[in-house]
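Q: Just passing along the structure, written as structure tokens.
Bear in mind that the values in this text are calculations on the coordinates, not laboratory data. Since the model is a prediction, treat every value here as computed from it, not as a measurement. All Cβ positions, even for glycine, are placed from backbone atoms using ideal geometry, and neighbour counts span all protein chains on display.
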Amino acid sequence: MGENLFSDIPRIYTGIAEIGACVCGCLLCRRKVSNIRFFIYAAIAMVVQCVFLELTNNVKIYFWLPCMLVAFLVMYGLMRSVITASDKTLLFFTLHAFLLSEFAASLEWQLSLYFEYDLGIGPPARYITLVVVYALVFWGVYNLERELIKDVESEYSKRDVFILLIIVLFTFAASNISFILPINVFTGGTPRENFTLRTVVDLGGLAILYAFRSRIRELQSAKELATLSTVLQSQYDGYRNYQEMIDLINFKYHDLKNQLIGLLAEENLARQKELIAQMQKDLEKYRPEHKTGNKVLDTLLAGKTTRLRNNDIKFTCVADGTILSDIHVTDICSIFGNALDNAIEYEATVADPEKRIIHMTLAARQGYIFIEVSNYIENEIKMKNNMPQTTKQDKKLHGYGVKSIEYTAKKYNGTLTYTQHDHMLEMKVLIPHH
């Protein structure tokens with residue numbers, strides 16, 4: 001029934017599988033080229049890979065591994081030209097794509113020969129099986145991987161890449177040893193059995209890889225949650241400090257008022273007027289600027305006043321704080337604290353003081369709590385997943401303020417969006433309001 005056909009997969013089928021696996025990986029990552037360029041690059045890589053594999057079909061066994069390495073480099077080149085990622089992450093995804101392509105090609109060829117020879121469907125079964133199996137395998141892996149990287153930054157360490165390399169090398173060696181060394185401890189009785197072993201080993205390798213990546217995701221998620229918790233606690237601690245400051249201000253405010261009463265008894269009118277003017281000036285410094293109807297928000301805004309004044313930032317606020325009654329104090333601190341901190345940090349870098357502008361809106365709109373914090377920007381801000389990227393040098397230690405806002409909004413089934421136009425960056429949060 002064509003047992004000899006199980007000795008190898010048509011090289012062009014392998015080339016299609018390898019580039020198809022790369023396309024699957026590229027769809028999961030942030031791409032640096034347009035969709036049209038992406039598919040043009042993929043088509044070129046597909047032709048190059050298939051032609052190269054066909055031309056090297058009959059090379060000696062000691063040239064086989066170098067040829068596989070060249071094929072791997074073509075896959076890496078495609079992914080490097082399409083997606084934005086570090087060298088370690090690119091290598092990680094290419095290794096993953098290589099292992100996936102090995103499994104897809106092995107499964108497809110085994111099923112193709114079964115339908116053609118065992119069931120007698122005829123040669124067209126090969127092409128139908130090729131399309132169906134590759135489509136189902138890559139579609140299934142795409143959906144599985146999309147859940148793995150959801151809400152988590154896909155960045156891998158040298159250790160992660162090294163472990164994956166060991167997994168891929170071991171799987172590749174175990175699945176192909178029967179074809180390189182016909183007689184060994186892993187060899188089956190027939191070419192078909194060897195091929196079945198190859199498919200099962202490749203599937204096992206993918207299962208191990210999936211478990212490994214699941215563990216990475218758990219660690220990454222735990223790390224992000226810990227960082228978000230730290231950011232949230234920092235905002236809350238800031239609020240507590242602001243509250244202590246407000247209590248001190250209130251004490252001073254009332255103390256000055258009492259002193260004014262005593263000054264009314266001053267007999268020297270000129271001296272009296274001088275002291276009263278000075279104390280009124282001091283009182284003005286302590287005058288609360290924002291009364292929103294929410295004590296937490298008022299305290300938080302008061303805490304930001306000094307930074308706003310010191311940086312000559314014009315801050316306007318239209319806020320109905322009464323609609324925040326169902327929002328927890330730490331979540332109020334997270335949303336408004338992080339949003340204002342980000343805006344203040346940017347405005348402090350604007351050279352022209354006249355352009356340092358921040359405006360905040362808090363209102364009830366059509367059954368939602370609407371929050372908007374907008375600030376002037378000199379140049380367009382780079383965005384990733386529709387979120388602004390930090391402009392600080394140490395990116396690993398920053399950017400969690402935005403994530404904290406997003407996390408808090410989702411906690412209340414809300415959304416966070418950023419838009420920019422006319423030199424203004426607008427952060428909008430919508431939270432269902434009952």
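Q: In which sequence would 170, 370 go, from the one with the fewest C-beta neighbours within 10 Å to the one with the most?
A: Fewest-to-most ranking of 170, 370: 170, 370.
Q: Could I ask something else about it? Tally Lys and Arg at +1 and Asp and Glu at -1 over the other residues with C-beta under 10 Å from the C-beta of residue 106: what net charge comes out?
A: That sum, taken over residues with Cβ under 10 Å, equals -2.
Q: Let me ask something else. Would you kindly compute the Cα radius of gyration of the stretch 1-132 and its largest Cα-Cα separation (Dmax), both in Å?
A: Radius of gyration, then largest Cα-Cα span, for the stretch 1-132: 15.9, 49 Å.
Q: Ranked by Cβ crowding within 10 angstrom, fewest neighbours first, how are 374, 86, 404, 34 ordered?
A: 34, 86, 374, 404
Q: Could you give the length gained on full extension between residue 146 and residue 413, defined as 0.36 nm per residue of separation minus the Cα-Cα distance, in nm?
A: So the chain would gain 94.0 nm between residue 146 and residue 413.
Q: Rounded to the nearest 0.05, what FRET efficiency do residue 165 and residue 196 have when you use their Cβ-Cβ distance and R0 = 30 Å?
A: Calculated value: 0.70.
Q: How would the stretch 290-432 be classified by its alpha-carbon gyration tensor: rounded, prolate or oblate, with rounded meaning a/c under 1.5 and the a/b versus b/c comparison settling the rest?
A: Judged from the Cα gyration tensor, the stretch 290-432 comes out oblate (a/c at least 1.5, b/c at or above a/b).
Q: By how many nm would the segment from residue 128 to residue 219 lengthen if fully extended, with 0.36 nm per residue of separation less the alpha-carbon distance?
A: Fully extending the segment from residue 128 to residue 219 adds 28.6 nm.
Q: With 10 angstrom as the radius, rank 145, 274 by how many other C-beta atoms surround their C-beta, starting from the fewest.
A: Sorted ascending by nearby Cβ count, the order is 274, 145.
Q: Okay, moving on. Between residue 48 and residue 309, how high is the FRET efficiency from 1/(1 + (r/R0)^6) when r is the Cβ-Cβ distance and R₀ = 45 Å? Nearest 0.05.
A: 0.15
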